Amino acid sequence: MSVEITRLPSGLRVVSESRKSIQTVAVGVWVDIGARHEPKQLNGITHCLEHMLFKGTKKRTSRDIAFEIEAVGGHMNAYTSRDNTTYYARVMKDDMALALDLLSDIVLNSTCADVELKREKEVILQEIGQAVDTPDDIVFDHLQVAAYRDQPIGRTILGEPETVRALTRGDLQSYLKANYTAANIVISAVGNLDHDKLVGMVEEKFAALEPGTPKTAEQAVYTGGRIVEKRDLEQVHIAAAWPGCSFAHPDYYALQVYSTILGGGMSSRLFQEVREERGLAYSVYSFTSSHKDTGIFGLYAGTGPDMAKDMMPVIKGEMEAVANGPTEEEFTIARAQLKSGLMMALEATTSRMEQLGRQILVFDRILPVEEMIENVEAVAKADVAQIASKIVSSNSTSVAIIGGGDLDSITF
């Protein structure tokens with residue numbers, strides 16, 4: 001396996017990893033534009049545009065796009081995050097040119113027709129409604145608002161119903177032209193490929209891409225806060241967060257180890273103590289969410305309204321216990337989990353394609369696997385205890401709760 005990177009004169013970056021032992025290729029178009037780049041009045045436009053690029057181009061209908069990729073046994077999809085938007089395909093090695101042709105066509109030639117936009121906005125409104133109806137989903141949107149109040153990074157990716165309804169074809173075309181430029185795009189590919197041939201195809205297919213200038217998002221400032229939504233539900237859904245780490249922060253890997261120890265798997269403290277030993281929740285876990293400039297550490301638990309008062313002291317107790325120092329066993333297990341996760345991600349072409357694209361956008365280089373493994377191994381138990389102590393003693397907690405019962409008594 002070898003990683004190669006080429007920067008074209010337009011500013012477009014191409015990164016690939018060749019794997020001659022397999023018969024497929026995963027290729028993605030990574031656009032360094034996400035929901036946090038949106039002005040408030042256009043909240044949801046990045047996600048809406050992601051939908052609309054599949055709804056027809058100057059030479060293909062939406063049906064043509066779907067049938068062409070599936071006719072060769074491939075598949076194509078996309079997703080929007082707060083930081084970027086990704087369009088990707090996986091095909092047999094001989095069909096990489098077709099995949100790039102389809103991806104370049106939707107990025108460069110989409111028509112965003114009014115009739116399609118009207119229909120797709122209704123689809124997105126249904127998607128928003130589905131998210132609102134799913135409390136263990138929407139609670140994380142509430143948590144993001146609480147953590148980054150009144151900031152672009154704190155807004156929902158899907159947008160609000162009123163902002164989505166107000167979007168016009170002109171809005172989409174202007175947003176596309178301003179942001180989908182070579183300076184903001186990375187082409188990432190992994191599989192049975194030749195890098196030079198890939199670069200030649202990209203040069204041809206994306207020749208019409210305007211150079212543009214790199215876009216930067218508004219600097220995020222963690223605020224902390226509390227959002228409580230009363231609903232008549234069988235469970236109370238609780239999410240909490242504290243200031244975490246950006247991707248490049250020196251404590252990034254120590255925080256990953258801490259999160260794994262506390263609530264990262266079936267051997268974690270929260271799973272074992274809250275679920276297995278006491279039966280206080282079906283789902284309980286911790287997580288980290290990082291960006292270029294900020295990050296949070298958080299946890300989630302779903303429990304019965306009458307069990308929250310018993311569960312919260314247990315969670316707090318486990319957080320405090322790690323702050324006093326993790327055991328040698330759990331520390332060793334956590335580092336092993338993280339290292340194996342890094343290695344396993346290399347084996348799936350789509351996951352590796354995503355990793356390469358994201359690293360170029362964040363670091364403008366590829367992090368050698370050996371470097372990442374060394375960073376995990378460099379974490380000491382004292383580093384984990386220090387991170388845990390900082391979180392336990394923090395006065396800047398974000399909390400989002402959805403459900404019934406005495407929600408005001410649920411605190412961290």
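Each value in this text was obtained by applying a stated rule to the coordinates, not by laboratory testing. This structure is a prediction, so every number in the text was calculated from the model and none was measured. Using ideal geometry, Cβ is built from the backbone for each residue, glycine included, and neighbour counts are taken over all protein chains shown.
Counting only lysines at least 8 places from residue 309 when in the same chain, those with an alpha carbon closer than 25 Å to its own are 230, 390. Note on region 2-205: lysine pairs with Cα distance below 18 Å, sequence gap of 8 or more or different chains, count 13.
Considering only 79, 189, 5, and ranking their Cα positions along the charge dipole of region 2-205 that arises from unit charges at the beta-carbon of Lys, Arg, Asp and Glu, the one farthest toward the positive end is 5. When only the Cβ of Lys, Arg, Asp and Glu is charged (+1, +1, -1, -1), the dipole of region 108-229 relative to its Cα centre reaches about 300 debye. Rounded to the nearest 20 debye, the dipole magnitude of region 225-409 is 340 debye, with +1 charges on Lys and Arg beta carbons, -1 on Asp and Glu beta carbons, and the Cα centre as origin. Annotation: amide H-H contacts under 5 Å for residue 210 (H modelled 1.01 Å from N, sequence separation of 5 or more, or interchain): 182. One Cα centroid belongs to region 124-148, the other to region 298-316; the line between them spans 20 Å. Relative to the longest principal axis of the Cα atoms of the chain, helix 308-323 runs at roughly 80 degrees.
Binning all Cα-Cα separations of region 2-205 at 10 Å, short to long from zero, yields these whole-percent fractions: 8, 33, 33, 21, 5, 0. For residue 95, neighbours were defined as the other residues whose beta-carbon sits under 13 Å from its Cβ, and their charges (Lys and Arg +1, Asp and Glu -1) total -2. Max-minus-min Cα coordinates of region 99-235 on each principal axis give 57, 37, 31 Å, with the largest extent listed first. The per residue volume of the convex hull around the alpha-carbon atoms of the chain is 143 Å³. The alpha carbon convex hull volume per residue for region 255-339 rounds to 98 Å³.
Which distance in Å, rounded to a whole number, links the C-alpha centroids of region 350-412 and region 27-41? Using only Cα atoms, the two centres lie 22 Å from each other. Across region 120-131, computed HN-Hα scalar couplings (Karplus, 6.51 cos²θ - 1.76 cosθ + 1.60, θ = phi - 60°) run 6, 4, 5, 4, 5, 4, 5, 5, 4, x, 5, 5 Hz from first to last residue, x flagging Gly and Pro.
Taking Cα atoms only, the orientation of helix 252-263 departs from the longest principal axis of the chain by about 60 degrees. Quick one: angle between helix 328-347 and the longest Cα principal axis of the chain, in degrees between 0 and 90, rounded to 10, please. It works out to around 10 degrees. Setting aside same-chain residues fewer than 8 positions from residue 381, which aspartates and glutamates have a Cα under 19 Å from its Cα? Of all the aspartates and glutamates, those that pass the test against residue 381 - Cα under 19 Å, at least 8 places apart if same chain - are 251, 318, 320, 328, 329, 330.
Estimated purely from DSSP H runs of n ≥ 4, each contributing -39500 (n - 2.57), the mean residue ellipticity at 222 nm for the chain is -13500 deg cm²/dmol once divided by its residues. Fewest-first ordering of 237, 249, 291 by other beta carbons within 10 Å of each residue's beta carbon gives 249, 291, 237.
With the simple spin-label model, which puts each label point 7 Å out from Cα in the Cβ direction, the residue 61 to residue 351 separation comes to 3.9 nm. Put a dot 7 Å past each Cα toward the Cβ at residue 118 and residue 320; how far apart are the dots in nm? If labels sit at residue 320 and residue 118, their model points lie 6.2 nm apart. Share of pairwise Cα-Cα distances greater than 11 Å in region 248-290 is 61 percent (whole percent). Computed over region 225-409, the percent of Cα pairs more than 20 Å apart is 57.
With only Cα atoms counted, region 1-87 has Rg and Dmax values of 15.9, 49 Å. Per-residue Karplus couplings for region 288-304, computed as 6.51 cos²θ - 1.76 cosθ + 1.60 with θ equal to phi - 60°, are listed in order as 10, 9, 10, 9, 5, 10, 7, x, 9, 10, x, 8, 9, 8, x, 8, x Hz, Gly and Pro entered as x. Applying the Karplus relation 6.51 cos²θ - 1.76 cosθ + 1.60 with θ = phi - 60° to region 5-11 yields 3J(HN,Hα) values of 10, 10, 9, 6, x, 6, x Hz, where x marks Gly and Pro. Counting only Cβ charges, +1 for Lys and Arg and -1 for Asp and Glu, the dipole size of the chain around its Cα centre is about 820 debye.
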